[in-house]
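Taken together, the values in this text are just the output of simple stated rules run on the coordinates, not laboratory data. Remember, predicted model here, so these are calculated numbers, not experimental data. Neighbour counts are summed over all protein chains in view; Cβ atoms, including those assigned to glycine, are modelled from backbone coordinates with ideal geometry.
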Amino acid sequence: MALFSRSSRPPATPEEAGGERLSAPAFRQLLQSLEREPGRKYRILDLARASGNHVTFFSRFRCRLQVAALAEELPAWRLREEDPPPDPARLLPLPPEARFDLVLCWNLLDYLEPEPLSLLLGHLLPHLGPGSWLHAFIQTRGEMPSQPGEFLLLEDGQMEWRHDPGSTIQTPRHSRRTLERWLPGVRVRQSRLLQNGFQEYLFQVT
Amino acid sequence: MFDKSKKAASQQEEKSSATAPLQPAPPKSSAGGQTTTIGPSIRLNGELTGEEDLLIQGQVEGTIHLEAHNLTVGEQGRIKANAFARTITVRGELVGDLTGGEKVTITASGRVRGNIVAPKVILEEGASFKGSIDMDAKPEAPALKTTPKSKSA
């Protein structure tokens, strides 16, 4: 079965949508490993905004997909120095017993300052068991769109990143070392620089 | 209390569906095509059960049981309830858990906070949803063991 055989919306051209095609080899290999166990039920946490494309795509697996819609809460996660720190349990409530096999961060970590980012990752860690995966894109270029945009899973095995190219902000350039420091017990299994400047990370809980 | 003249409601639904993107086909009506409408001025608290399709344009709090029938939350509907129905279509706002025997659809105007269990779930572009979607409610298998090929750059 083709990995990306269905899409829930008619594909617009990248130019029309402000979109960029990208291949994400680590993500693709991860999906191939999930497909090797068709009877397995996966628990997936999608930090992005609710997407019919993601729901349709992951419906090929037996899975429970938790949609966190973190992008909708980003203003509450951003910190000014005088503000109290964000409360991850309120912004991303998860039942204590919730465990995830895969967390899809997409590029949302780029939109969090170091302190809220460390709080978010610390909040997620207790919900990841041994062997769990965490996938993320980190922008390495100097600027990025002011909003995270949306990642679509395409039929040809690639992704399309739709975003507003109009307004940009400076990238925080989170380093691999920083991410590993905030994810104790989690190893980088794959890391690749993609053509559009994203560093693709696939982490796994050891 | 209930407006059982279905034509106006279904015409309104048809009109709105003509303008919405990627609108799914309306669920096949059950109970001989009968649909009850809870109008926009109605507020209802408690347990709601029925043997016909239901369109809610008002406010409902509690639980909704229409296991063999179709439930539609219209654009003006405001629901705080757990709902059980054959198909559930949300065009308005709903806070609660949804169990659909066949399908749950959140349209572009729909806003849902809660958990969904259904064999098929459709989120239209523009729909707002926060919660979990269980598309296969079979018992869970043991923890993940396989690993893809590792390659660090």
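Observations
- In terms of surrounding Cβ atoms within a 10 Å radius of their Cβ, B:His65, A:His54 rank from fewest to most as B:His65, A:His54.
- Other-chain or far-sequence residues with amide H under 5 Å of B:Asp97's (modelled H): B:Asn82, B:Ala83, B:Asn115
- Residue exposure sequence - A:Arg49, A:Arg90 - by fewest surrounding Cβ within 10 Å: A:Arg90, A:Arg49
- For the residues of B:121-129, the average number of beta carbons from a partner chain within 10 Å of their own beta carbon is 5.
- Shown for B:Arg111, B:Arg91, A:Arg141: other C-beta atoms within 10 Å of each C-beta, ranked fewest to most, produce the order A:Arg141, B:Arg111, B:Arg91.
- Of the GluC sites (Glu not before Pro) in the range A:72-175, those whose Cβ has at most 13 other Cβ within 10 Å and which sit in DSSP loop: A:Glu81, A:Glu82, A:Glu97, A:Glu155
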